[in-house]
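**Student:** A single structure is presented below for examination.
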Amino acid sequence: MALSLTQEYFQIPVVTRTYTTACVLTTAAVQLQVITPFQLYFNPELIICRYQIWRLITSFLFFGSLGFGFLFNIIFLYRYCRMLEEDCFRGRTADFILMFLFGGILITLLGLFANIFFLGQAFIVMLVYVWSKRNPFIRLNFFGFLNFQAPFLPWVLLGCSLLLGNSIAVDLLGISVGHMYYFLEDVFPNWPGGRKLLTTPELLRTMFDGPDGRLFQEEQQERRDPQQVEEQHS
């Protein structure tokens, strides 16, 4: 039994496994009073003036004490992060990490103006947004009574926050950053005269993808606009 659980755990894609595990361990450490949320939250003044750099990471790892809110967030994180990594980013771990870096940096910068202390929920909404835009024809059932297509999911989550009396700033932040990534990665390169602006550094490819990552990159290049390919061969 223990062996099968271990095997199942290590079958989870590496980025999803690492991020989900870090979130669970952070929450466990708070529950056991090893650390407190006050040591984790996003505080630009403490980061800059007291060099508490870890807050740039820990503010993405804590979703509150054990309870419904934590379970809801961790399930969404695991589900949509794993689906992205196994589908859209299959064999492209370096590209997935680049998306994490892009989203994390933008959410942190915009969080300066949004007065948000924990940024993990906005990051989850970003992941959900990107997944929903890349799977526009999938139909979802929300808690057994609401049926809709995938692109509406981020807005359904925003509506839930509104109904529960929570701030929608977190949802809007995640949706905004998710749309920026989707536009730069999937929309703009396909426009006439457009090009791919988010280029994964070769160092990341060497570290996380190896030869397989380069094969995927070559396949993507072959799918570019036929006109561009003709220009290269002419």
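**Student:** In a solvent-free Debye calculation with one equal scatterer on each Cα, what is log10 I(q)/I(0) for region 1-58 at q = 0.16 Å⁻¹, listed in the order of the q values?
**Tutor:** Taken in order of the listed q values, log10 I(q)/I(0) reads -0.65.
**Student:** Stokes-Einstein diffusion coefficient for region 115-166 at 37 °C in a medium of 0.692 mPa s, Rh from the Kirkwood formula over Cα pairs: what value in µm²/s?
**Tutor:** Using the Kirkwood radius from Cα pairs, D works out to 276 µm²/s.
**Student:** Just going by the charge dipole of the chain, with Lys and Arg at +1 and Asp and Glu at -1 on Cβ, which of S176, L77, V30 is farthest out on the positive end?
**Tutor:** V30
**Student:** Just the projected area, averaged over all directions, of the convex hull on the alpha carbon atoms of region 43-84: how many nm²?
**Tutor:** Here the figure is 3.7 nm², rounded to one decimal.
**Student:** Something else: Using a 1.4 angstrom probe on the protein heavy atoms only, line up I53, I138 by accessible area, largest first.
**Tutor:** So, going from the largest accessible area down, we get I53, I138.
**Student:** Under a GNM of the chain (C-alpha, springs under 10 Å), which listed residue has the highest mean-square fluctuation: Y78, Y129, Y51?
**Tutor:** Among Y78, Y129, Y51, the largest GNM mean-square fluctuation belongs to Y51.
**Student:** Given the options L56, L106, L32, state which has the largest fluctuation in a GNM of the chain using a 10 Å cut-off (strictly under) for Cα springs.
**Tutor:** L32
**Student:** Sum up the charges of everything whose Cβ sits under 10 Å from the Cβ of N43, counting Lys and Arg as +1 and Asp and Glu as -1, but leave N43 out.
**Tutor:** For residues surrounding N43, the net value is +1.
**Student:** Given a 10 angstrom Cα cut-off, can you work out which residue in Q11, Q39, Q52 is the most mobile in a GNM of the chain?
**Tutor:** The residue with the greatest mean-square fluctuation here is Q11.
**Student:** Still on this model: As a test of the formula, what do you get for the chain when each DSSP H run with n ≥ 4 contributes -39,500 (n - 2.57) and the sum is divided by the residue count, at 222 nm and rounded to the nearest 500 deg cm²/dmol?
**Tutor:** -19000 deg cm²/dmol
**Student:** Still on this structure: Rolling a 1.4 angstrom probe over the protein heavy atoms, how many square angstrom per residue are accessible across region 150-199?
**Tutor:** Ligands and nucleic acids excluded, the result is 55 Å² per residue.
**Student:** Let me ask something else. With every protein chain in place, what's the accessible area of I35 (1.4 Å probe, Å², nearest 10)?
**Tutor:** 50
**Student:** Please state, to two decimals, what the Cα-based radius of gyration of region 129-203 comes to when divided by 2.2 N^0.38 Å (N = residues).
**Tutor:** 1.35
**Student:** Near the amide H of L140, under 5 Å away, which other amide H atoms are found, from residues 5 or more places off or on another chain, if H is placed in the peptide plane?
**Tutor:** Those lying under 5 Å, H to H, from L140 are F148, Q149, A150.
**Student:** Under 10 °C and 1.306 mPa s, how fast does the chain diffuse according to Stokes-Einstein, given a Kirkwood radius computed over C-alpha pairs? Answer in µm²/s, whole number.
**Tutor:** 82
**Student:** Moving to a separate point now. Protein chains only, probe 1.4 Å: how do L163, L61 rank by accessible area, largest first?
**Tutor:** Greatest to least solvent exposure: L163, L61.
**Student:** Under DSSP H, which helices of the chain have Cα atoms covering 27 Å or more of the helix axis and a Kyte-Doolittle average no less than -0.5?
**Tutor:** 93-114
**Student:** Working with all protein chains in place, sort I175, I168 by solvent-accessible area computed with a 1.4 Å probe, largest first.
**Tutor:** Per-residue accessible area, sorted high to low, gives I168, I175.
**Student:** Give the accessible surface of region 1-130 per residue, rounded to a whole number of Å², with probe radius 1.4 Å and ligands, DNA and RNA excluded.
**Tutor:** Counting only protein heavy atoms, the per-residue value for region 1-130 is 53 Å².
**Student:** So what is log10(I(q)/I(0)) for region 1-124 at q = 0.09, 0.11, 0.15, 0.19 1/Å, when the Debye sum runs over its Cα atoms only?
**Tutor:** For region 1-124, the Cα-only Debye profile gives -0.28, -0.41, -0.75, -1.13.
**Student:** Counting only protein heavy atoms and using a 1.4 Å probe, what share of the accessible area of the chain belongs to carbon plus sulfur, as a whole percent?
**Tutor:** 64
**Student:** For the chain, give the magnitude of the charge dipole about the Cα centre (Cβ charges: +1 Lys/Arg, -1 Asp/Glu; no others), in debye to the nearest 20.
**Tutor:** 540
**Student:** Using only the Cα atoms of region 66-193, each taken as one equal point scatterer with no solvent, compute I(q) by the Debye sum, divide by I(0), and report log10 of the ratio at q = 0.13 Å⁻¹.
**Tutor:** The Cα Debye sum returns log10 ratios of -0.54.
The values are calculated or read from the model by the stated rules, or taken from the named source; none is laboratory data. Only a predicted model underlies this, so the values are computations on that prediction, with no experimental measurement involved. Virtual Cβ from ideal backbone geometry, glycine too; neighbours counted across all protein chains shown. Only protein heavy atoms, including side chains, enter the accessible area calculation; ligands, DNA and RNA are left aside. Shrake-Rupley method; radii C 1.70, N 1.55, O 1.52, S 1.80 Å.
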